Amino acid sequence: MKAELIQASIGLFVEKGFSATSIQDIVDRVGVTKGSFYYHFKSKEELLMHIQASYIDDLLTRQNQILESGQNAKDKLVKIVELLIRDIEEQGEIGKVYYREIRHLTPENAAVIRHKRAEFRDKIETVVKDGVQSGEFRAGLEPRIATFAILGVTNWSYQWFNPSGTLSVAELACMHTDFILNGMLAEKK
């Protein structure tokens, strides 16, 4: 029942937004009473916090697997970009809720999620720093700014990318990775 409530709420939050979705909307979609909702969650905000925390915790777990793989910095960065893009296909709606609806969390809960987001970001920054130090990435690259750029490119894809469209997840991940690693300038002749 809890999983059904979560799935129904994710769909409704994507369709209507968090604010416009009522607990009644959620229980109507599942076909249960409000009592069933309150058995699992104290409030709609607690449900949103559960969705947010579950999503970022899963990303952190998968990111750590990549970081512990023993690969070089470039390969780790490629895998992290692929992780974020592939997530659009595998968990598209929850990703939209994750990126759009954090503003509806209490300041305390939002701080918890922002801390975890910062942890994810900091780990990417470390990969970039390692790549600069090893000579894989160009000297003078500012790791913090490069990390923000990487996350900006990949995270914004949730707003426009359709995995059922003409471009596959693998193709988009490859395009993003090429752009991130090689930029847009043509090779000088």
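Couple of notes before you dig in:
- When residues of the stretch 88-127 are limited to those that are of a type in the set (S, T, Y) and assigned to a helix (DSSP H, G or I), the one farthest from Q159 (Cα to Cα): T126
Let's see how each residue does on (1) hydrophobic (A, V, I, L, M, F, W, C); (2) in contact with a Gly (Cβ under 7 Å, 6 or more places away or on another chain); (3) open to solvent by 50 Å² or more (accessible area, probe 1.4 Å); (4) under 27 Å from V14 (Cα atoms):
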residue	(1), (2), (3), (4)
V27	yes, no, no, yes
G31	no, no, yes, yes
E46	no, no, yes, yes
I51	yes, no, no, yes
S54	no, no, yes, yes
Q65	no, no, yes, no
S69	no, no, yes, no
A73	yes, yes, no, no
I80	yes, no, no, yes
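- Candidates in the stretch 145-169 are the residues that are in a helix (DSSP H, G or I) and of a type in the set (V, I, T); of these, the one that is nearest to L84 (Cα to Cα) is T154.
- Note on the stretch 128-140: residues that are assigned to a loop (DSSP other than H, G, I, E, B), exposed (fewer than 13 other Cβ atoms within 10 Å of the Cβ) and touching a helix residue (DSSP H, G or I) at 6+ places or on another chain (Cβ under 9 Å) amount to 3.
- Within the stretch 42-52, the set of residues being over 11 Å from the mean Cα position of the chain (by Cα) and in contact (Cβ under 8 Å) with a residue 24 or more places away in the chain comprises K44, E45, L47, L48, M49, H50, I51.
- Of all residues in the stretch 142-170, those that are open to solvent by 90 Å² or more (accessible area, probe 1.4 Å) and over 15 Å from the mean Cα position of the chain (by Cα) total 5.
- Yes/no for F37 being under 23 Å from Y99 (Cα atoms) and surrounded by 12 or more Cβ atoms within 10 Å (Cβ to Cβ): no
- In the stretch 1-25, residue least open to solvent (accessible area, probe 1.4 Å) [restricted to those that are charged (D, E, K, R) and more than 15 Å from Y98 (Cα to Cα)]: D25
- Positions within the stretch 1-41 being polar (S, T, N, Q) and in contact (Cβ under 8 Å) with a residue 40 or more places away in the chain, in sequence order: S9, S19
- In the stretch 65-119, the residues that are of a type in the set (S, T, N, Q) and touching a residue at least 24 places away in the same chain (Cβ under 8 Å): N72, Q91, T106, N109
The values are calculated or read from the model by the stated rules, or taken from the named source; none is laboratory data. Everything numeric in this text was worked out from a predicted model, so none of it was measured. Here Cβ is always computed from backbone atoms with ideal geometry, including for glycine, and neighbour counts include all displayed protein chains. Side chains are part of the model used for accessible areas, which takes the heavy atoms of the whole protein and leaves out ligands, DNA and RNA. Shrake-Rupley method; radii C 1.70, N 1.55, O 1.52, S 1.80 Å.
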